[in-house]
Amino acid sequence: MSMAWMSKWLFIGCICLASTGFAQAPASAFRVETDIYFEDSKQPAKQTLTLFYEGVFYDFDRDQPSSITVIDPNGRRIVLLDRDRNVQTRISMDEILGMEAQVQQQLAESEMRRMVPTAEGTSFDSATMTMNVSAEALVYKAKCLRPEGEDFARQYADFADWSARLNAFYSDRPLPPFARLVLNRELAKQGLFPSEIQRVSTSRGRKSVVTSKLLANWAISKDDVTRVEKVGAMLVDFKMVDAKTFRQVIETAQKPEAARR
């Protein structure tokens, strides 16, 4: 898809703790603000806020405030919300996994080598807390730390898995998620949280660099709790449409803006 809010490449970042203004919430609740940079730009191309609350991940697009993505692993669904038009669509996680399996079966062996890291291409340097995951056409380098909550690394890896899959199978510029899934798995296995991730992809001899930085707090604010409650109301009140109709609504809304440029 061409919608900016759908382009959730990889989330990662620079972690910092705040000490005031945070609410009493479940011990597993935390927040992550993500800035994504392309090439050597000093200004972020995309910014998001993700709330992790009672096993559900609420992703708010700072650039497209009307767009919210709700990832609900226990409910086996991903919900896309459009606040401007009061509509929503729901995508089954099993449907996404089916697409993933189909793509993997269709990839030629040469493409698998290009896109899927091997065990030899995965390493962790405990001295520098750096994780490297490499395939022929994709390289991830993650600076890591250990989060305060024992379950935070797993929750973040779960969120990053489904975000990568959503981008891969519901966007105009799909990038097979296999290398990112390997990175997430390795981070979760060691209980690590990425403070920064650099992804270098190579296509037709040209390299593309995406760097993501993250500002996390191992608690959430009263305003964050209010955000979650408002999303709960939207899930009840917003009209349900299929994914095709949801996409058409978004693209129709974007056309006047594009015409002004």
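The values are calculated or read from the model by the stated rules, or taken from the named source; none is laboratory data. Quick caveat, the model's predicted, so the values are computed rather than measured. In this analysis, Cβ positions are derived from the backbone assuming ideal geometry, glycine residues included, and neighbour counts consider all displayed protein chains. Heavy atoms of the whole protein, side chains included, go into the accessibility calculation; ligands, DNA and RNA do not. Shrake-Rupley method; radii C 1.70, N 1.55, O 1.52, S 1.80 Å.
Assorted remarks:
- With the highest mean first, a sort of the peptides 58-68, 39-49, 195-205 on other beta-carbon atoms found within 10 angstrom per residue produces 58-68, 195-205, 39-49.
- When restricted to Cα atoms, region 101-147 yields an Rg and a Dmax of 13.4, 39 Å, respectively.
- The slack in the chain from Ser41 to Glu150, taken as 0.36 nm per residue of separation less the alpha-carbon distance, amounts to 35.8 nm.
- Solvent accessible area, Å² - Tyr156, 1.4 Å probe, full protein context: 10 Å²
- Over 21 Å apart at the Cα level, from the set Lys46/Lys213; Lys141/Lys189; Lys46/Lys230; Lys141/Lys207; Lys213/Lys244, are Lys46/Lys230; Lys213/Lys244.
- Straight-distance crosslink candidates among aspartates and glutamates, where the alpha carbon sits under 16 Å from Lys239 and sequence neighbours closer than 8 are dropped: Asp82, Asp84
- Rough spin-label spacing in nm, given labels placed 7 Å along Cα→Cβ, for Asp125 and Met99: 3.6 nm
- If you take all other residues with their beta carbon under 9 Å from the beta carbon of Thr130, and give Lys and Arg +1 and Asp and Glu -1, the sum is +1.
- Estimated FRET transfer efficiency (Lys239, Ser28; beta-carbon r; R0 25 Å; 0.05): 0.20
- Accessible surface of region 141-207 [probe 1.4 Å, protein heavy atoms]: carbon and sulfur percent: 43 percent
- Once both labels are positioned 7 Å from their Cα atoms along Cα-to-Cβ, the gap between Thr226 and Met112 label points is 5.3 nm.
- Working ranking of peptides 118-131, 91-104 by packing, defined as the average number of other Cβ atoms within 10 Å per residue, highest first, is 91-104, 118-131.
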